[in-house]
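S.K.: My questions all concern the structure below.
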Amino acid sequence: MAYDDNNVFAKILRGEIPAKPVYEDEFALAFNDIRPQAPIHVLVIPKGKYVAVDDFGTQASPEEIAGFWRAVSRVAELVGATGEGFRLICNSGPNSLQEVPHFHAHILGGKRFGAMLV
Ligand code: AMP
């Protein structure tokens, strides 16, 4: 799937849609999900143009991949998700109901979750 420059996270990265960053570095931006599904619900996105985790993993440079996953760990700690644990979700494609076609990791925490899949 080709990357769509008009997706909402591309607009956030370009500053066209406001988002309150909780973390930003050279490789990643993190902000609260607009429709939180847990007390902690943060999205971490790479700065590069990748549709989902699969093309990120195959197309991104080693520096981008390392930088992104390092940022995920930093953000999980920063938002207080690491102590009691958290769930990390990366939806990819229609079967996952991925809504925004810019790769992102959901960090969900602050509560004890039920079964992994519904
Ligand atoms: P996914 O289904 O994995 O693509 O998740 C996309 C997520 O992006 C959803 O949880 C939405 O609530 C969230 N979202 C959509 N637009 C925004 C926005 N402008 N700011 C923050 N989160 C957003």
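The values are calculated or read from the model by the stated rules, or taken from the named source; none is laboratory data. It should be emphasised that the depicted structure is a prediction, and the values quoted were computed from it without experimental measurement. Cβ placement follows ideal geometry from the backbone for every residue including glycine, while neighbour counts extend to all protein chains displayed. Ligands, DNA and RNA are excluded from the accessible area calculation, which covers all protein heavy atoms including side chains. Shrake-Rupley method; radii C 1.70, N 1.55, O 1.52, S 1.80 Å.
S.K.: State all residues of the stretch 93-118 that are on the phi > 0 side of the Ramachandran plot and near the ligand (Cβ under 9 Å from one of its atoms); if no residue qualifies, say none.
M.R.: Here is the first cut: in the stretch 93-118, the residues on the phi > 0 side of the Ramachandran plot are 93, 97, 110.
If the condition is that a residue be on the phi > 0 side of the Ramachandran plot and near the ligand (Cβ under 9 Å from one of its atoms), then LEU97 is the only one that fits.
S.K.: Answer with yes or no whether PRO39 is open to solvent by 40 Å² or more (accessible area, probe 1.4 Å) and free of Cβ contacts under 8 Å to residues at least 40 places away in the same chain.
M.R.: Numbers: open to solvent by 40 Å² or more (accessible area, probe 1.4 Å): yes; free of Cβ contacts under 8 Å to residues at least 40 places away in the same chain: no.
Criteria not met by PRO39.
S.K.: Also, quick follow-up: Inspect all residues belonging to the stretch 48-57 and state whether any of them is open to solvent by less than 70 Å² (accessible area, probe 1.4 Å) and of a type in the set (Phe, Trp, Tyr).
M.R.: Checked against the condition, which is being open to solvent by less than 70 Å² (accessible area, probe 1.4 Å) and of a type in the set (Phe, Trp, Tyr), the stretch 48-57 yields at least one hit.
S.K.: Oh, and also: Quick one: in the stretch 68-105, which of the residues that are of a type in the set (S, T, N, Q) and more than 19 Å from ALA38 (Cα to Cα) is least open to solvent (accessible area, probe 1.4 Å)?
M.R.: Taking the candidates together, the pick is SER92.
S.K.: Here's a follow-up. Hey, among GLY48, GLY67, which residue is away from the ligand (no atom under 11 Å from the Cβ) and assigned to a helix (DSSP H, G or I)?
M.R.: Sole residue among the options that is away from the ligand (no atom under 11 Å from the Cβ) and assigned to a helix (DSSP H, G or I): GLY67.
S.K.: If you don't mind, another one. Here is a list of conditions, (1) under 12 Å from ILE107 (Cβ atoms); (2) within 14 Å of the ligand (Cβ to nearest atom); (3) more than 12 Å from the chain's Cα centre (by Cα), and ALA81 meets all of them except one; can you say which number that is?
M.R.: In the conditions (1) under 12 Å from ILE107 (Cβ atoms); (2) within 14 Å of the ligand (Cβ to nearest atom); (3) more than 12 Å from the chain's Cα centre (by Cα), ALA81 misses (2) alone.
S.K.: Moving to a separate point now. May I ask you to list pairs of residues, at least six apart or on different chains, whose Cβ atoms are under 7 Å apart, with the first in the stretch 1-21 being free of Cβ contacts under 8 Å to residues at least 60 places away in the same chain and the second being in a loop (DSSP other than H, G, I, E, B) and within 9 Å of the ligand (Cβ to nearest atom)?
M.R.: LYS11/ILE17; ILE12/ALA19
S.K.: Next question, about the same structure. Would it be correct to say that ALA10 is modelled with pLDDT of 95 or more and either closer than 24 Å to ARG87 by Cα or part of a helix (DSSP H, G or I) (or both)?
M.R.: Here the answer is yes, as ALA10 does meet what is asked.
S.K.: Next up: Within the stretch 13-37, work out how many residues are within 11 Å of the ligand (Cβ to nearest atom) and either part of a loop (DSSP other than H, G, I, E, B) or among the aromatic types (Phe, Trp, Tyr) (or both).
M.R.: 11
S.K.: Need the failing condition index for SER73 against (1) within 15 Å of the ligand (Cβ to nearest atom); (2) in a helix (DSSP H, G or I); (3) among the polar types (S, T, N, Q); (4) under 14 Å from the mean Cα position of the chain (by Cα), just the number.
M.R.: The one condition SER73 does not meet is (1).
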